[in-house]
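Below is one structure, written out as C-alpha cells; comments come after it.
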Amino acid sequence: EVSITKFPADERKIIAKAHDKYKKARAGIINTRHGQIHTPAFMPVGTKGTVKAMLPESVQTTGADIILGNTYHLMLQPGAKRVFKLGGLHKFMNWSKPLLTDSGGFQVMSLSKLRKITEEGVIFNSHIDGSKFMLSPESSTEIQYLLGSTITMAFDECTPYPSTYEQAKSSMELTSRWAKRSRKAFYSRDGYGQFGIIQGSIYNDLRLKSALDLIELDFEGYAIGGLAVGEGQELMFKVLDYAPDLLPINKPRYLMGVGKPADIIGAVQRGIDMFDCVIPTRSGRNGQAFTKYGVVNIRNSKYKEDNTPLEEDCLCPACKNYTKAYLHYLVKVKEILGAMLMTWHNLMYFQKLMLRIREYIAQGKDFDFIS
Ligand code: PRF
Ligand code: ZN
C-alpha cells in the first residue's frame, strides 16, 4: 500500500534504552506516491525548481530521498499553471522522488519589500518586477496542487522573533484559522500529504494551543515553524524540549529551515524527523566545506598549494578527483565548477550524517558525534 499516512509506530524504533537525552530519537519510513523517505531526513533546497549547481540525478546519488521547492518563487516564475500544463514540477525539473513545497508566506515576508497581511491572506509585490500578487490558504494550496507536490505545506504566518506574548498569540491564532482553510482546500489523494505548521514562538502554552488546533485537522504530518529565526540554539532547543511531544507520535515531524549539523543532531535527539536548510548548498557556493575535521573555508590562502582532497575517504567527485588547491583556485576565480564540486561534497556530507544518525538510532546507540 502506498500512502503517506502510513507512518505507524511499529515502523519506527523509539529508543528508550539510551541516555535520557536520546530516548526521543526516532527512525522511520514515510511511504509516498513518489517513493520512500527514510527519516531522520535532510531535504536539500531546490527553491526555483533546481538544487543550485547540481543535476537532479547527482542530488539523488548524494542519498537525498526528498527535496524542497518554493510556492513563492515558482508562482512568480515560471508560474504554477504553466508547470501544471507542462506535466508538473517532477517532470519539469526531472526529479521523480518526493517533493515538498513550502507554502509561500515565509518567503513573502523575507523577500518582498511591499506586503500586507489581512485575514484573507498576504498581498505583496513581486521582488522580481514589483507586480502585485495575493497568496491565501486557498491559492497557496492550489498552487502546490498544480506543482504536483508530494507534501503540501499549510499556509502559515512565521511569527517574527522576538515577539511579545500578545503578538505571538494573535499570529498563532491566524495560523490556526489559515490551517483550517488550507486543509479544506487540499485535494486529498493516496500517497500525497499535507503538513500543518505549528507556531507560538517561544511560549509554551501558545505552542500547545497551536498543536491542539492543528491536530484537530488531522494532517498527515506536522512542522514546527517560527524557530531558527534569530533566537539562538539554546532557546530553540528549549522549545524543542517540549514542542515535539505535543505532536502525534505516529506522524512525521518537520523542523523548518534547520540547520547546522549540531542543530540537526540536537533536534533529532528531541524527536524531529525532517529538516531542510540552504546551508550545504549556499555555504558550498561561498567556499565553505563541511568535513569531519570541521568547517573548511576553501578561500583561505593556506590551501593555495594544498595537494590533498577535502576528505581522504569521501566518495564525492570533489574529493575523489580534485585537491583543495584546485577547489581553492576555482572558488577564488568564481568558476561554476567550484560551486558544483563544493555543493556536491556538502550535500553528501549532510546525507552521510543523516544515514549515520538513522543507523545509530536503529542500533540504539548514542549519537553525540557532533555537538
Ligand atoms: N513557516 C514556513 N516556512 C518556513 C518557516 C516557517 O515558520 C521557517 C522558520 N525557520 C522556515 N521556513 N511556512
Ligand atoms: Zn567530498
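Every number in this text was worked out from the coordinates using simple rules, so none of it is lab data. These figures come from a predicted structure and were not determined experimentally. Cβ placement follows ideal geometry from the backbone for every residue including glycine, while neighbour counts extend to all protein chains displayed.
Assorted remarks:
- Taking the Kirkwood radius as Rh and the Cα radius of gyration as Rg, region 280-371 has a ratio of Rg/Rh equal to 1.03.
- Residue-wise HN-Hα coupling along region 331-339, computed from phi with Karplus coefficients 6.51, -1.76, 1.60 (Hz; x: Gly, Pro): 5, 4, 8, 6, 6, 4, 4, x, 4
- Reported value for region 172-248: 89 Å³ per residue, from the convex hull of its C-alpha atoms.
- Taking only the Cα atoms of the chain, the radius of gyration and Dmax are 20.3, 60 Å.
- Charging the Cβ of each Asp and Glu at -1 and of each Lys and Arg at +1, and nothing else, the dipole of region 287-371 about its Cα centre rounds to 240 debye.
- Here region 157-304 has an Rg and Dmax of 17.5, 58 Å, counting Cα atoms alone.
- Short to long, the 5 Å bins of the Cα pair-distance histogram for region 226-325 hold 2, 11, 19, 18, 14, 11, 10, 9, 4, 2, 0 percent of all pairs.
- Tail beyond 14 Å, pair distance distribution of region 107-174 (Cα, percent): 65
- Sites Asn204 and Asn125 - FRET efficiency at Förster radius 30 Å, r taken between beta-carbons, to 0.05: 0.25
- Of all lysines in the structure, the ones whose alpha carbon falls short of 24 Å from that of Lys180, not counting any fewer than 8 places away in one chain, are Lys6, Lys116, Lys169, Lys209, Lys251.
- Spacing of the two label points (7 Å from each Cα toward its C-beta) at Glu359 and Glu231, in nm: 3.4
- Averaging over all projection directions, the Cα-based convex hull of region 83-233 occupies 9.8 nm² in the image plane.
- Note on the chain: with a GNM built from Cα contacts shorter than 10 Å, the maximum mean-square fluctuation among Ile117, Ile215, Ile151 falls on Ile117.
- Electrostatic bookkeeping for Ala228 treats Lys and Arg as +1 and Asp and Glu as -1; over the other residues with beta carbon under 10 Å from its beta carbon, the sum is -1.
- With a simple spin-label model that places each label point 7 Å from the Cα along the Cα-to-Cβ direction, the separation between Asp245 and Asn321 comes to 5.1 nm.
- The distance between label points at Thr164 and Asp190 comes to 5.2 nm (points 7 Å beyond Cα on the Cα→Cβ vector).
- Potential lengthening between Thr61 and Met134 on full extension [0.36 nm per residue; Cα-Cα distance subtracted]: 22.5 nm
- Percent of beta bridges antiparallel (DSSP, region 86-204, rounded to nearest 5): 60
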